[in-house]
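The values are calculated or read from the model by the stated rules, or taken from the named source; none is laboratory data. Note that this is a predicted model, so its numbers are computed, not measured. So basically every Cβ, Gly included, is an ideal-geometry build from the backbone, and we count neighbours across all protein chains shown. We work out accessible area using only protein heavy atoms, side chains counted, and drop any ligands, DNA or RNA first. Shrake-Rupley method; radii C 1.70, N 1.55, O 1.52, S 1.80 Å.
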Amino acid sequence: MRTAHRVETVRAAEAALMARLPEGALMQRAAAGLAAACCSLLGKGRVYGARVALLVGSGDNGGDALYAGARLARRGAGVTAVLLGDRAHEGGLGALRAAGGRVVDSAHDDPFEPLAAADLVLDGITGIGGRGGLRPDAVPVARAARGSDAVVVAVDLPSGVDADTGEVAGEALRADVTVTFGTYKPGLLVDPARSYAGALRLVDIGLGGELPGVADLEALQHQDVARLLPVPAAESDKYRRGVLGVVAGSARYPGAAVLAVEGALRGGAGAVRYVGPAADAVIAAHPETLVHPGPPDRAGRVQAWVVGPGLGDEPGVAEVLASDVPVLVDADGLRGLDPALVRARSAPTLLTPHAGEAAALLGATREEVEAGRLAAVRELAARFGATVLLKGSTTLVCGPVTEDGRAAGGAVRVNPTGTGWLATAGSGDVLSGLAGSLLAAGLRPVDAASCAAYLHGLAARRASGGGPVTAGDVAGALGGAWRDVTAGL
């Protein structure tokens, strides 16, 4: 599992560790890992004679860049530091000069000449302490670095992005690779900042023992999902495996019901009970479905409900929310949803909005939600007292938020799978059915949502192969994605 921690937590862990280490030892660890990553990027036998430019701000990550540059210079690289702040780390400057590196001050010298010839650029301008984008005087240099043929390596975090939130409030320097220290930072895993980070490399500097047990953000991997997925036992029957009720579809959108039911069936539900006006279409596509004319409370026994996909103005949301089993609310079910009604439920609720639906629930714009995804998912979870899966370029899952602002279920989860091709009509309906089936199987809402997002994204990758997919393609690939995840068990 990848875990990420806020700047405040990282600073405290670093301070605790530095109190037990010789002065400067922690920075040397970071610089050694950074230099090793740069050597691997330059390639075997290509460090000697390579041209490296360092963009150096006044913070500690500027010092990391200088010490790493000194190590590269001692291996025969031609290293030039471009100073962009009003000061620079004195020890790092001395080490670079002693190793034969060159230093230019952007206020008096030409900062563009080293970039034009560079094979590799180290971005040490702002780091994790930066807020609000690059300063105006750094923008031309950052643009020149990005416009060069060099590999751009961010030191701990791309300059100009917010380490804690993933927001990009101004101009930022897009990296090909980010080498981060001790732990991932939330901004490295959450868009829009994630798209600036490139490939991620984590350098262990010994912070593990100082970091808290619960991270601020976490990303599940194959083995984490595999441990959570339900496995039927020899004595299982359809009720033990979980029966999911689906209230979805309308005369205008019968396909939404078909796709939600298919997501549930391929997600391991023991049985699916369908309630709604698209019964004929559902039975034609999935004859194993149990259909009922309604209302939902007369449809029969279920362990969870999904309500909303393609529902239009059809009834059903209030009736399902009145039940005493977990409920997933999606799409049309989210329109005008009353937070008090959700908070009053005795059973858990999972909301699965995309950015536009989240914006409507928050009284914000879609652009505001997409720019601040982490804040949006936490605000929704706090307002509704529910688990929220916020779909999009970075899918986030947050449990109900407590008064101190933290998710009651632990860290906010970020989904690491998926593809841009997943932005296609009906894919969210498949996700709803899949997540609902996992709720019916007994998974906690946070686990059901994050496992469903993981499998859904993985299935899309399998089905796509780099090209367009339909929602039906994604549903059809869910079984293969499930087998991929559980193959190592």
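How far is the Cα center of the range 9-34 from the Cα center of the range 245-285, in Å? Here the answer is 55 Å between Cα centres. With the alpha-carbon atoms of the range 390-481 aligned to their principal axes, the span from lowest to highest coordinate is 44, 26, 19 Å, starting with the largest.
If R0 is 45 Å, the Cβ-Cβ spacing of Glu367 and Asp109 corresponds to a FRET efficiency of close to 0.65.
Solvent exposure of the chain, expressed per residue, is 40 Å² of accessible area, with all protein chains present and a 1.4 angstrom probe.
Placing +1 on the Cβ of every Lys and Arg and -1 on the Cβ of every Asp and Glu, with no other charges, gives the range 1-57 a dipole of roughly 260 debye about its Cα centre.
Neighbours of Glu8, meaning other residues whose beta-carbon lies under 10 angstrom from its beta-carbon, give a summed charge of 0 when Lys and Arg score +1 and Asp and Glu score -1.
Quick one: putting +1 on the C-beta of Lys and Arg, -1 on the C-beta of Asp and Glu, what dipole do you get for the range 388-489 around its Cα centre, in Debye to the nearest 20?
160 debye
Taken along the Cα-to-beta-carbon direction at a fixed 7 Å, the label points for Asp324 and Arg74 span 7.0 nm. Report the one residue of Leu390, Thr470, Thr126 whose Cα lies farthest in the direction of the positive end of the charge dipole of the chain (charges on C-beta: Lys and Arg +1, Asp and Glu -1; origin at the Cα centre). After comparing all options, I get Thr470. Each Lys and Arg adds +1 at its Cβ and each Asp and Glu adds -1 at its Cβ; summed about the Cα centre, the range 145-237 shows a dipole of about 320 debye.
Extension gain, Tyr48 to Ala423: 0.36 nm times the residue separation minus the Cα-Cα distance gives 130.5 nm.
To the nearest ten degrees, helix 445-464 and the longest principal axis of the Cα atoms of the chain are 80 degrees apart.
Only bridges with both residues in the chain count here: give the DSSP antiparallel percent, nearest 5.
So the antiparallel bridges in the chain amount to around 15 percent.
The gain in end-to-end length when the Ala284 to Thr486 segment is fully stretched comes to 69.6 nm, 0.36 nm per residue minus the alpha carbon separation.
Only helical runs count toward this figure. For the chain, summing -39,500 (n - 2.57) over DSSP H runs of n ≥ 4 and dividing by all residues gives -11000 deg cm²/dmol at 222 nm. Applying Stokes-Einstein at 20 °C and 1.002 mPa s to the Kirkwood radius of the range 1-140, computed over alpha-carbon pairs, gives a translational diffusion coefficient of 137 µm² s⁻¹.
Approximating the spin labels as points 7 Å out from Cα along Cα→Cβ, the Val139-to-Glu90 distance works out to 3.4 nm. Distance between the 7 Å Cα→Cβ label points at Ala98 and Arg298: 8.6 nm.
Extension gain for the segment Ala15 to His222, taken as residue separation times 0.36 nm less the Cα-Cα distance, is 71.2 nm to one decimal. The candidate values were (i) 1.02; (ii) 1.10; (iii) 1.21; the one computed from these coordinates for Cα Rg over 2.2 N^0.38 Å carries the label (ii).
For the range 337-398 versus the range 439-489, the spacing of their alpha-carbon centroids is 22 Å.
Can you list the GluC sites (Glu not before Pro) in the range 250-358 that are in a DSSP coil and have 16 or fewer other beta carbons within 10 angstrom?
Qualifying residues, ordered by number: Glu288.
Only protein atoms count toward the accessible area here, which uses a 1.4 Å probe; on the chain, the carbon and sulfur part of that area reaches 50 percent.
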